[in-house]
Amino acid sequence: MMQGRLAAWLVRPSPPPLSTGIAVGAGFIVVETLLVYPLRHVAPREALALVYLFGVLLVSTVWGLWLGVATSIVSAVAFDYFHTPPVRLFTTEDWRDWLELAVYLMVAGVGSSVAQLARARTLDAIERRRETDAVAELTRLILGADDVRAVLPEAADRLADAMQLPYAAIELGQVPPHEGRTQLPLRPGALIVPADLPDRVMRRLRDGVVPGLATVLRAGCSLQVSRTDLQALLTQQAALRRVAVLVARGGAPAELTAAVAAEAAQLFDADATRVLRRDGPGMVTVVAEHGRSAAEPMLGKRLNPSGGVSALVLRDSRPARMDSYDGRSGSLADLARAEGFHASAGAPIVVDGQVWGVLVALWCRIGPAPPGAEHELAQFTDLVATAIANTESREELNASRARLVFAADEGRRDIERELHDRVLQRLISLGLELSIADALVPQELGELRSRLSDTAAGLSGVLEDLQRIVRGIHPAIVSQGGLGSAIKALARRCPVPVAVRTGPKRRLPGYVEVAAYYVVSEAIANSAEHANASAIDVDLDIIADGSALDGSAPGEVLSVTVHHDGVGADPRQDFGLAGVRDRVEALGGTLALTSSDGHGTSLNVRLPVGGQDGQGAEDGRSFGGT
């Protein structure tokens, strides 16, 4: 290690000061001259002359040829003057003196040449290391930057400091020529340096810096593009995930289309997005929109799609784009120009193989729509189509369940009418005939009269049981007296005290009143038979529905609440409540059961009020009954 440090010091790029070299050379000559004195008695002249070679070699190696030549001459003169007879007399007649001087000069020349070559190689290694360090530092700077162009000035300054340049600049793209500057192509861009740099520095830049810097720049630009694409993909997937969550939750179509319009506008930096529903040939309706422009709101308006990108989408059933509205005619083209839009892209919403509508994105800036925007919009329309298909399936299922309920009620009504109008009347007639027959039997036939009386009493009991069964099959009292009267009749027949509070006195659709009646009837029966209740409260009211189930404008619902102070109930085990839940949900309503120890149980049912039917509204009978 010590030898390596000594060798590095001997051939370092910058030699010590000349004065130091002169002092070192003089010191070596003095020491060598003194060292020769004790040796001249034991060694020949040729061996003694070699002692001076160490000083010559050291000085020529460290301080170069000229000081080495001077040291050689002084060493030859000192050896001849002090140690060659006649001593203390300098002569030039002896050929050996010239030989010694020649050897000294040759050693000085060889030593200085070898040192100069080693020094040049050391300097080259240092410069190469400097180039490598500069490229490595630029690599860390450029590859670690989110925006390559933004860090190029700092990278150029660091390169100039590392390469000891007056200045440097790194530019991307085409750079115009400039007097006094040299452009070293990087592809992309160029490295700009002063034109008056030494050839050695310029060669170092071309051969050592430019290739590595060009590779780093290309990698940095590619990495930036990949990072940008990845960020865009993550943003798009996050938007799609948020929409997919709404789809999975079964959100209303109005809520979903509004969310899709907002997400698409943000993702594609669009000035406006709209969801258009196809309403027959030549017409669309705006069912959702999102925009930051000052254009007039179009939500709910019916439009003719001619001239717009939606017409292309509806015609071809595939994504389309329109990079300019200039020269286009049609209602939507005129509307787009009036609103300040210059480009648009759209994708179809396909439900069950049919185009349901179009998702359109519009831009005010002059220029084409973003590349591939129409195909990326299709990813949102797939989710919208899924949600719409799910909603339509649910609506069809609910409608089917409602039809089953209506059919069952109608069947019950027919059975009730048949039993009431025929069977009950026939039984009543038979009872009357038995009574007449009993009156005609003579007194002496007591046993016969007793049997007739028992038969009449049994027939009367059957009649009462049948009447109770008829009321259970279909509550005719609801149709005749209204829901309030029917509920009060139930309360009077219940063995547990029942308090009934009715809301506004108005009639409701027949299916709503019948469903509410069954809810209260089942709840009161369960409360009396299974809950050990001491009191039951029934509340009926019509309230506003703040969020309609289908996302439309708020409507009204009938709220039915039955509360008792007994033990709780479990809908999973009570088949009566399970049947009530099925009936309520089939009509688009909701059922909630809450129970807690010490506070009883509450059953709350909400049934949408769609309007009055003929049965419920006849004769203007009131909701609360008489």
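The values are calculated or read from the model by the stated rules, or taken from the named source; none is laboratory data. The model shown is predicted, which means the values in this text are computed figures rather than measured ones. Note that each Cβ is placed from the backbone with ideal geometry, even for glycine, and that neighbours are counted across all protein chains shown. Heads up: the accessible areas ignore ligands, DNA and RNA and are worked out on the full protein's heavy atoms, side chains in. Shrake-Rupley method; radii C 1.70, N 1.55, O 1.52, S 1.80 Å.
Side notes on the structure shown:
- E289 vs. criteria of a type in the set (D, E) and not in a loop (DSSP other than H, G, I, E, B): yes
- In the set A456, A389, only one residue is closer than 30 Å to F268 by Cα, in a helix (DSSP H, G or I) and at pLDDT 70 or above; that residue is A389.
- Residue within segment 168-175 that is out of contact with any Gly (no Cβ under 8 Å at 6 or more places or on another chain) and surrounded by 16 or more Cβ atoms within 10 Å (Cβ to Cβ) present: yes
- When residues of segment 50-72 are limited to those that are among the small types (G, A, S) and either in contact with a Leu (Cβ under 9 Å, 6 or more places away or on another chain) or assigned to a helix (DSSP H, G or I) (or both), the one most open to solvent (accessible area, probe 1.4 Å): A70
- Segment 529-580 - residue that is outside any strand (DSSP E or B) and open to solvent by less than 30 Å² (accessible area, probe 1.4 Å) and, of those, modelled with the highest pLDDT: A533
- Scope segment 141-157; condition charged (D, E, K, R), assigned to a helix (DSSP H, G or I) and modelled with pLDDT under 85; matching residues: R149
- Residues considered: R302, R337, R318. Of these, the only one that is over 19 Å from P348 (Cα atoms) and without any contact (Cβ under 8 Å) to a residue 40 or more places away in the chain is R337.
- Within segment 332-348, the residues that satisfy the criterion of being open to solvent by 10 Å² or more (accessible area, probe 1.4 Å) and touching a Phe, Trp or Tyr at 6+ places or on another chain (Cβ under 7 Å) are R337, H342.
- Qualifying positions in segment 582-626 - surrounded by 14 or more Cβ atoms within 10 Å (Cβ to Cβ), at positive phi and either in a loop (DSSP other than H, G, I, E, B) or at pLDDT 85 or above (or both): G588, G625
- Some residue of segment 366-389 being in contact with a Leu (Cβ under 6 Å, 6 or more places away or on another chain), among the aliphatic types (A, V, I, L, M) and either open to solvent by 60 Å² or more (accessible area, probe 1.4 Å) or within 19 Å of P281 (Cα to Cα) (or both): no
- Check on Q237, touching a residue at least 12 places away in the same chain (Cβ under 8 Å), surrounded by fewer than 18 Cβ atoms within 10 Å (Cβ to Cβ) and farther than 30 Å from A190 by Cα: no
- The listed residue being modelled with pLDDT under 85 and either polar (S, T, N, Q) or within 26 Å of G367 (Cβ to Cβ) (or both), out of A258, A265: A265
- Those residues of segment 497-519 which are open to solvent by 20 Å² or more (accessible area, probe 1.4 Å) and either in contact with a helix residue (DSSP H, G or I) (Cβ under 6 Å, 6 or more places away or on another chain) or part of a helix (DSSP H, G or I) (or both), in sequence order: V498, V500, T502, Y511, Y518
- Hits in segment 318-331 (condition: assigned to a loop (DSSP other than H, G, I, E, B), surrounded by 12 or more Cβ atoms within 10 Å (Cβ to Cβ) and among the hydroxyl-bearing types (S, T, Y)): S324, Y325
- Cβ pairs under 8 Å, 6+ apart, first in segment 73-84 and crowded, with 17+ Cβ neighbours inside 10 Å and at pLDDT 75 or above, second of a type in the set (D, E, K, R) and not in a helix (DSSP H, G or I): none
- Restricting attention to segment 267-307, the residues being buried (at least 22 other Cβ atoms within 10 Å of the Cβ) and hydroxyl-bearing (S, T, Y) number 1.
- Qualifying residues in segment 254-266 (those that are in contact (Cβ under 8 Å) with a residue 60 or more places away in the chain and open to solvent by 40 Å² or more (accessible area, probe 1.4 Å)) - the one nearest to L312 (Cα to Cα): A254
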